[in-house]
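Laboratory data are not the source of any read-out in this text; all were calculated from the coordinates shown. Fair warning: this is a prediction, and the values are worked out from it, not measured in the lab. All Cβ positions, even for glycine, are placed from backbone atoms using ideal geometry, and neighbour counts span all protein chains on display.
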Amino acid sequence: MNEDCALCNGLWREYAKATTEHVRLLREEESPGWDLARFRKLESEIDVAAGVRARARIAIKIHLSKDHGEGVRSVASAQPD
Ligand SMILES: [Zn+2]
């Protein structure tokens, strides 16, 4: 990553935010006292959060490859978590 690049900084912030949200939901799922309706709602929220996180990560890889010439091969093999 390039610390002087505004796009890098923005993408990393988005990824950090998505990761925080994903982890928060996973912790909530583990917390006691859930009922089935809440669990189902959490599961779909976790799916969405995982997708957002994976896309943010891929966006970073694509940007690094395209604009900074880094990690070209890893973009092709980029996998969501
Ligand atoms: Zn950049």
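Per residue Cα convex hull volume for region 1-67, in cubic angstrom?
Numbers: hull volume 4.3 nm³, N = 67.
Looking at region 1-67, the number lands at 65 Å³ per residue.
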What distance in nm separates the simple spin-label points at Asp4 and Asp67, each placed 7 Å from Cα in the Cβ direction? 1.4 nm
